[in-house]
Amino acid sequence: MLEKFFKLKDNKTTVKTEIIAGLTTFMTMAYIIALNPNLLTNFGTSGTPALWNGVFMATCIASAVGMFAMAFLANKPFAMAPGMGLNSFFAIVVANIVAITGLGYVESFQAALCIILIEGIVFIILSIFNVREKIVEAIPLGVRLGISPAIGIMLMNIGLGSNAGIYSENGGPFYVMRDFFGALTAKQASDVMGSGYGPMVLTVATMFIGLFVIVALAQKGVKASVIIGMLVASVIYWAGQAIFLDTNPFAALEGASFVPPFKDMAETTLFKFNFAGFAKMGWFTVITLIVSFCIIDMFDTIGTLVGTASRAGMLDEEGKMTNMKEALLSDAIGTVVGAGTGTSTVTTFVESASGVEAGGRTGLTALTTGIVFLACMFIAPIAAIIPPAATSAALIYVGVLMITGLKKINFDEIDQCLPVAIMLIAMPISSSIGHAIGLGLISYTVIKVFTGKAKDVSVLTYILSLIFLVKFFLAI
């Protein structure tokens, strides 16, 4: 049955490998289950507890549906969830709706869901008529080849930079590269972080132990190296918490509810579209927001698909991926379901690269991750105890591997070298795959025009470059 659906032999993989890959992907992106409702409700301070529960349920359901679509329509190993950056932008939009219309936070949240619904419907139409696929093909080959290593550096930045943020009585969050390795001395770091210094030392030690375990196992050809390394790192971190920090690593499980809050979702987010509040924003504002969400989501998804597929060897010599249309349609379906259940834009997650590195090559990987996301409606507290240090180890390792894609770039050609160099810097700094691709497209187009090769640039590439220029400089 599984062989028939996913063509495992044709893709040189097995059920075991695909399931391990799916679990690996889940462990690297499980943070989104709690973080997304936190971001969309300002860590529970905006709206009501019921709204937090509704967004939590929507995160699990919409992510799972998107991944099921990816599994059965596209047969690709890519996972989906509400996109980071897009959810923060959504929260800002909700706050602005509150200010513009005078509505309460919940009503404004429901008005903002109308924007996500329209965006998803637009993407379904564009995907069906191959418009999004044409946009992928319009991205110059050099820029496409540079997406994967740029994502690699962004993953390393997440792992080494922001993923291990720690708080203490002195404030925070504190970060590995800035506050620990960035300090001149250990005493300076200790003074700055206060009681957060102990958890930081444990985090750094755990992170690198996990990374070295992954590397050692990978060198021996162990396909489950990433997930084993993450498990080893988790156990070490939990032991360190109990022994050295005198804290209970499983405190989140005490008194935790394992009953899914279906009632709260039904009351706050499930098909709760507030079109009256949506209309109060004014049509210019509405159109601007829809266009902005579409641009960011479209290029975030395209970048993740192309970059991860490149690492998995799924691209042909022209940088094209089979079933790209179906993969993009799956993303659109996830977004529509997300709007209907109550969350911001659902997009393909860059953490999918961890599952690909674990051997995932078919939709069975995405299906596995989706099933675990659904299960998290019942076991969310368990997912919450995965330490950030374990996730960091996996992201750093996968990031390093993706950087090797730079060898495909012709650095003797400035029209390849400069756009890629800009993306390598822009992606981790902006935390936006889409914006980095936009800068790459603009620089490529400008170089071609001013070197007398304007005819080499396709009409659609000119249009995309112009759209990004308008977005960047007119604040759309």
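The values are calculated or read from the model by the stated rules, or taken from the named source; none is laboratory data. This one's a predicted model, so the numbers in the text were calculated from it and none came from an experiment. Cβ placement follows ideal geometry from the backbone for every residue including glycine, while neighbour counts extend to all protein chains displayed.
The listed residues are M57, M67, and the only one of them that is at negative phi, at pLDDT 95 or above and touching a strand residue (DSSP E or B) at 6+ places or on another chain (Cβ under 6 Å) turns out to be M67.
Tell me, which helices (runs of 4 or more DSSP H) wholly within the range 193-272 include 3 or more residues that are under 30 Å from T17 (Cβ atoms)?
Correct list: 197-219, 225-243.
Is it true that some residue in the range 316-332 is crowded, with 24+ Cβ neighbours inside 10 Å, among the hydrophobic types (A, V, I, L, M, F, W, C), under 18 Å from the mean Cα position of the chain (by Cα) and within 13 Å of V65 (Cβ to Cβ)? Within the range 316-332, one or more residues are crowded, with 24+ Cβ neighbours inside 10 Å, among the hydrophobic types (A, V, I, L, M, F, W, C), under 18 Å from the mean Cα position of the chain (by Cα) and within 13 Å of V65 (Cβ to Cβ).
For the range 152-180, the tally of residues that are over 30 Å from V356 (Cα atoms), within 26 Å of the chain's Cα centre (by Cα) and not charged (D, E, K, R) stands at 5. Looking across the range 8-19, the residues that are under 15 Å from A312 (Cβ atoms) and not polar (S, T, N, Q) come down to L8, D10, K12, E18. What's the total number of residues in the range 319-359 that are in contact (Cβ under 8 Å) with a residue 24 or more places away in the chain and either polar (S, T, N, Q) or not assigned by TED's automatic domain parsing to the domain that holds V398 (or both)? Going through the range 319-359 one residue at a time, the tally reaches 11. Looking only at residues in the range 205-231 that are β-branched (V, I, T) and more than 11 Å from A389 (Cα to Cα), the one that is modelled with the lowest pLDDT is V222.
Yes/no per residue for (1) farther than 25 Å from F6 by Cβ; (2) among the small types (G, A, S):
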{"position": "G255", "(1), (2)": "yes, yes"}
{"position": "V286", "(1), (2)": "yes, no"}
{"position": "I290", "(1), (2)": "yes, no"}
{"position": "F299", "(1), (2)": "yes, no"}
{"position": "T308", "(1), (2)": "no, no"}
{"position": "K320", "(1), (2)": "no, no"}
{"position": "K325", "(1), (2)": "no, no"}
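Residue count for the range 76-103, restricted to those that are surrounded by 22 or more Cβ atoms within 10 Å (Cβ to Cβ) and in contact with a Lys or Arg (Cβ under 7 Å, 6 or more places away or on another chain): 1. Would you call I403 closer than 15 Å to T304 by Cα and modelled with pLDDT under 95? Yes, satisfied. Just one of (1) of a type outside the set (F, W, Y); (2) surrounded by fewer than 24 Cβ atoms within 10 Å (Cβ to Cβ); (3) closer than 26 Å to A138 by Cα fails for T348. It is (2). For the range 228-235, the condition of being over 25 Å from S88 (Cβ atoms), under 20 Å from the mean Cα position of the chain (by Cα) and of a type outside the set (K, R) holds for at least one residue.
Assessment of the range 414-430 against the conditions (within 18 Å of the chain's Cα centre (by Cα), farther than 26 Å from I214 by Cα and surrounded by 19 or more Cβ atoms within 10 Å (Cβ to Cβ)) yields at least one matching residue. When the range 446-462 is filtered for residues that are touching a residue at least 24 places away in the same chain (Cβ under 8 Å) and either in a helix (DSSP H, G or I) or acidic (D, E) (or both), the ones remaining, listed by number, are I447, K448, L460, T461. Considering the conditions (1) in contact (Cβ under 8 Å) with a residue 40 or more places away in the chain; (2) over 15 Å from L395 (Cα atoms); (3) aliphatic (A, V, I, L, M), V192 is excluded by exactly one of them, (1).
Of the candidates L441, L395, the single residue that is closer than 23 Å to S354 by Cβ, surrounded by 21 or more Cβ atoms within 10 Å (Cβ to Cβ) and not basic (K, R) is L395. Pairing residues of the range 15-27 that are assigned by TED's automatic domain parsing to the domain that holds I382 and free of Cβ contacts under 8 Å to residues at least 60 places away in the same chain with residues that are assigned to a helix (DSSP H, G or I) and surrounded by 21 or more Cβ atoms within 10 Å (Cβ to Cβ), at Cβ distances under 9 Å and at least 6 apart in sequence or on separate chains, gives no pairs at all. Taking the criterion of being of a type in the set (G, A, S), in a helix (DSSP H, G or I) and closer than 30 Å to G319 by Cβ, would at least one residue in the range 125-138 satisfy it? Yes: one or more hits. Among the candidates T203, T185, the residue that is β-branched (V, I, T) and touching a residue at least 60 places away in the same chain (Cβ under 8 Å) is uniquely T203. Just for the range 104-159: of the residues that are under 17 Å from V420 (Cα atoms) and small (G, A, S), which one is surrounded by the fewest Cβ atoms within 10 Å (Cβ to Cβ)? The selected residue is A138. Do we have any residue at all in the range 440-447 that's over 22 Å from the mean Cα position of the chain (by Cα) and not β-branched (V, I, T)? Yes.
Quick check: is even one residue across the range 2-23 under 30 Å from A252 (Cα atoms) and of a type in the set (S, T, N, Q)? There is no residue in the range 2-23 that is under 30 Å from A252 (Cα atoms) and of a type in the set (S, T, N, Q).
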